[in-house]
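Only one structure is covered here, and it is reproduced in the block below.
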Amino acid sequence: MAQNKVLFFDSKIYDEKTFKQALKALNGQNRLRFTFLESKLTDETVDEAQDYDAICVFVNDILDVNVLEQLHKQCSSLKIIALRSAGFNNVDLEAADKYGFKICRVPRYSPYAVAEHSVALLLSLNRNLHHAFFRTKQHNFTLDGLVGIDLFGKTVGIIGTGGIGMCAINIFLGFGCKVLAHDIYPDEKAAKEKGFTYVTKDELLRQSDVVSIYAPLLESTYHMINKESLEKMKPTALLVNTSRGGLVDTQALVDCLKAGKLRGAALDVYEHEKKYFFNDFSQQVMEDDTLARLISMPNTIVTSHQAFLTEEALKNIAETTVQSLLDFFDGKSLPEQNEVKLLSKK
């Protein structure tokens, strides 16, 4: 049986480890052959995919019309592009459809991983754990400047109540918080059963002590948190985003924090992250002044898109992706939720 060749862009050590384990677990060693590259997919690295039957990409790989056109011209054997992520905002679906590329993704890998990371960020920011950690490393055991607030009894606003949002709601309800939610498709049954309330986005912003975002990045949600929405929030509120960087107008957030109109912000994503995240720039001067300012603020925490990074999530991502590739090359239909179609973007 001939092996189908799969090229991984923007791969890390943990990708290689988990995907090889998944290939073995699904008995696919004789059907798929993996090659792992550290480089991202761009118009300059398209030629690396020549002679491959599939490519597997991550969130900061570029799949715009230019890259997809070049893949079509240079890589005649390429038939499927596997996204090892849930989001697909980095893909021009119209171009993919035009050139006949099948696109698959991992719609649900571990909502608990992302929800728990968002809560970890919030707790660290609120209780100043990032400052306390470095103080005690220097044998400084003072407590000045480390005062936080009780989350118990506070109002938490959840924007986006899909799988991850629901996990976060469960956690905050467990903390004894009052939970308000906003979603274009409200799940009133879940709200009644769990004990939270759907409200308009403006109501949520005005009433919440914490606003945490779990929404997809679409044209309709781009910069949903902007200058106007930030001005509606309490000056004592905390903002958390572990979804997509483009949901927040970062410059507006920086201006709001500089003006003291927000207590703090915790972010795992950044709208211009693809140049920096997942890479080591510790020996270079950061050219992005907005990101540098954001990181330097004492009332912010920024992690580099690591919310998904748990053993369970990596295992699910790898096994779902490998199974999709095996099914595709076996001529089977992909599960509807795994295949990204043009209609999904409309």
Just wondering, is there one or more residues in region 260-281 that are assigned to a helix (DSSP H, G or I) and small (G, A, S)? no
Within region 134-242, which helices (runs of 4 or more DSSP H) (wholly inside it) include 3 or more residues that are open to solvent by 60 Å² or more (accessible area, probe 1.4 Å) and basic (K, R)? 188-194
More than 14 Å from T300 (Cα to Cα) and in contact with a His (Cβ under 8 Å, 6 or more places away or on another chain): does that describe F101? yes
Which one of S110, S39 is polar (S, T, N, Q), crowded, with 19+ Cβ neighbours inside 10 Å and closer than 23 Å to E16 by Cα? S110
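For every residue, the table says whether it meets (1) touching a residue at least 60 places away in the same chain (Cβ under 8 Å); (2) in a helix (DSSP H, G or I); (3) within 30 Å of R263 (Cα to Cα).
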residue	(1), (2), (3)
L294	no, yes, yes
I301	yes, no, yes
Q306	yes, no, yes
P335	no, no, no
It is to be established whether one or more residues within region 37-52 are free of Cβ contacts under 8 Å to residues at least 12 places away in the same chain and under 24 Å from the mean Cα position of the chain (by Cα). no
Quick check on region 293-330: of everything there that is of a type in the set (S, T, Y) and open to solvent by less than 30 Å² (accessible area, probe 1.4 Å), which residue is nearest to T242 (Cα to Cα)? T303
Would you check which residues across region 77-96 are closer than 20 Å to E44 by Cβ and part of a loop (DSSP other than H, G, I, E, B) and list them? L78, N90, D92
Can you tell me which residue in region 82-112 is modelled with the lowest pLDDT, limited to those that are aromatic (F, W, Y) and closer than 23 Å to Q70 by Cα? F88
May I ask you to list the residues in region 211-220 that are among the polar types (S, T, N, Q) and touching a Gly at 6+ places or on another chain (Cβ under 8 Å)? S212
Do we have T290 as over 18 Å from I13 (Cβ atoms) and either open to solvent by less than 20 Å² (accessible area, probe 1.4 Å) or assigned to a helix (DSSP H, G or I) (or both) here? yes
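The values are calculated or read from the model by the stated rules, or taken from the named source; none is laboratory data. Predicted model only: the values in this text are computed from it and were never measured. Cβ: placed from backbone, ideal geometry, glycine included. Neighbour counts: every protein chain shown. Heads up: the accessible areas ignore ligands, DNA and RNA and are worked out on the full protein's heavy atoms, side chains in. Shrake-Rupley method; radii C 1.70, N 1.55, O 1.52, S 1.80 Å.
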